[in-house]
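Report on one structure; see the data block that follows.
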Amino acid sequence: MITSKKIVLIGHFGVGKTSLIRRFVENTFSEDYKVTIGVHISKKTIEIAEDESVSFIIWDLEGQDDIKKTRVSYLLGTHAFIYVFDLSRPSTFENLKNEVNYLHENYSKTPLKVVGNKVDLVNKEYLAQYNDKFDDLVDLFVSAKNGSRVESLFSKLAKELI
Amino acid sequence: MNQDEKLSIIKDILLTDEREFTSSIEKKIKSLEKTINEKEKLSNKVDPIIDDKLNNFIKEIPKTLGPTITKTLKEEIKNSQDAVVEALFPIIGKMIKRYIQHEMKLLSDKINTQVNNTFSFKGIFRKAKSKASGVNESDLILQELSNTKIEQVIIIEKGSGIVLAEFSKNKTTDEDMVAGMLTAIKSFVEDAFKKESQNLQHIDYDLYHIHLQNFSSFYIAVVISGAYNIIYQDKLEDKILDFTSKQKVSDILNNKELITQKLEDFFNNDNI
Ligand SMILES: Nc1nc2c(ncn2[C@@H]2O[C@H](COP(=O)(O)OP(=O)(O)O)[C@@H](O)[C@H]2O)c(=O)[nH]1
Ligand SMILES: [Mg+2]
């Protein structure tokens, strides 16, 4: 059986939302930055068990530096959120707690994954300084560039959604 | 001096003058002859005069002949309106049509670039169809212009844009992607017009018309190719209402297989 699920990626401009989707859906990566305007929809089906598949209908929204500015109607009926920030740019996670709380408060029933992207650009020492901040907020460090943990992000989600 | 001598002197005087006179006349006549005979020489002299006169005449036409011409034309037009209309119609008609076409094109270009910039919807239908059928895109365009066909019917959950059921004659598009895009566009447009009662009812995309009909928790999108006008729209609306009420669609939303079967039974023909 195939179940369809709407996944929405949100986060600031340039944190790598589009790149993560392309890595997951097409297994490609590109260095050039093309700003997403409006919404892009992509789809990928993964098998989580024999005769059990999840079709991700992935909504790539244009970046917003303030989550409250995201068009609410795009978020209706979402089965899971992926909140993305850029590990190499502290400005994209200085408000992390507030933004995550906002989602928890307004969409309490919708599963949420918080991921720090571009882990390929930072080292252990760098990450260590933010340990306290990331500890209970962040689910995964990923890289759209080298593909690190992108697959596991989505397969975890799929299992949680069934 | 005798008589004879005197006479001779007078004769001399008189005859000399006469001779001179004669020769001068002779010269003049010869030159006249020349002028008249040599056409070129004549026209050289006459042309500037005629040109002058003609120029003046033309300049004066509005004053002199103008009223007469206008009067004649007016009468002509009055007496043979049909002929005049017929003569002018193609010119004026073409001008107006071209102007409107141009304006429409500007408008639709504007809308298209806006939609293309906002939503990655590009040729999703025709491209997919072209690939699947092996017919080139421009041939498809021509084919598509000819008759109205229901290409695809999708029942879509409001908000999430998840497909609840789908029916299409030739499987050429990914209904999940189409449903997602439609839902995003619908949200965008309905947001932009804020009023909650306002629903997007119709989207034109390339040569496809997407008819949207709202129900409480879902909406139905019908992708149509070919001519789509108010009469067709009206009939289609009724057909969809018929379908949802007779088949009690609201009660079976969770049963994808059953709705899909019913959709197919109901829409597997072009009658509306
Ligand atoms: N090094 C590195 N660069 C990335 C990664 N993911 C995205 N980028 C780059 O970051 C820029 C913005 O990416 P994009 O996916 O468009 O961001 P979006 O605005 O969130 O959709 C692009 O130039 C990408 O090439 C990553 O994991 N590592
Ligand atoms: Mg993007």
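If I model a spin label at B:GLU40 and A:ASP65 as a point 7 Å from the Cα along the Cα→Cβ vector, what separation in nanometres do I get?
8.8
In sequence order, what are the phi-derived ³J(HN,Hα) couplings for segment A:95-103 according to the Karplus relation 6.51 cos²θ - 1.76 cosθ + 1.60 with θ = phi - 60°, rounded to whole Hz, with x for glycine and proline?
Running phi through 6.51 cos²θ - 1.76 cosθ + 1.60 with θ = phi - 60° gives 9, 3, 4, 4, 5, 5, 4, 4, 5 Hz.
Identify, among B:PHE215, B:GLY161, B:GLN201, the residue whose Cα sits farthest towards the positive end of the charge dipole of segment B:150-267, taking +1 on the Cβ of Lys and Arg and -1 on the Cβ of Asp and Glu, with the dipole about the Cα centre.
B:PHE215
Projecting each Cα onto the charge dipole of chain A (Lys/Arg +1, Asp/Glu -1 at the beta carbon, about the Cα centre), which of A:LEU153, A:HIS79, A:ASN131 comes out farthest on the positive side?
A:HIS79
In peptide B:175-187, what is the residue-averaged number of other protein chain Cβ atoms found within 10 Å of each Cβ?
Values: counts 2, 10, 4, 1, 3, 10, 3, 1, 9, 9, 2, 1, 7.
Counting Cβ atoms of other protein chains within 10 Å of each residue's Cβ and averaging gives 5.
Mind listing the long-range amide H neighbours of B:PHE218? Cut-off is under 5 Å, sequence gap 5 or more, other chains count too, H placed in the peptide plane at 1.01 Å from N.
Residues meeting the amide H criterion: B:LYS158.
Whose amide H sits under 5 Å from the amide H of B:THR148, counting only residues 5 or more places off or on another chain, with H placed in the peptide plane?
Close amide H contacts, sequence-distant or interchain: B:ALA227.
Averaged across the residues of A:104-114, what count of C-beta atoms belonging to other chains lies within 10 Å of each residue's C-beta?
0
Using a/c under 1.5 as the rounded threshold, could you call segment B:150-267 rounded, prolate or oblate? The axes a ≥ b ≥ c are square roots of the C-alpha gyration tensor eigenvalues, and prolate needs a/b larger than b/c, oblate otherwise.
Rounded, because the longest to shortest axis ratio a/c is under 1.5.
DSSP beta bridges in chain A, what fraction antiparallel, as a percent rounded to 5?
Given both bridge residues lie in chain A, the antiparallel proportion sits at roughly 35 percent.
How high is the FRET efficiency between A:PHE13 and B:ASN147 when r is their beta carbon distance and R₀ equals 56 Å, given to the nearest 0.05?
0.75
In nm, give the distance between the simple-model label positions of B:ASP52 and A:ILE162, each being 7 Å from the Cα along the Cα-to-Cβ direction.
Rounded to a tenth, the inter-label distance reads 10.7 nm.
Expressed as a rounded percentage, what relative contact order does chain A have, with Cα pairs under 8 Å and six or more residues apart? Intermediate values should be presented prior to the final figure.
On the way: 273 pairs, mean separation 44.1, N = 162.
Relative contact order of chain A: 27 percent.
All of the numbers you see were taken from the coordinates with simple rules; none came from a lab. Because the structure is a prediction, the values reported are computed rather than measured. For neighbour counting, all protein chains shown are included, and Cβ atoms are generated from backbone atoms with ideal geometry for every residue, glycine included.
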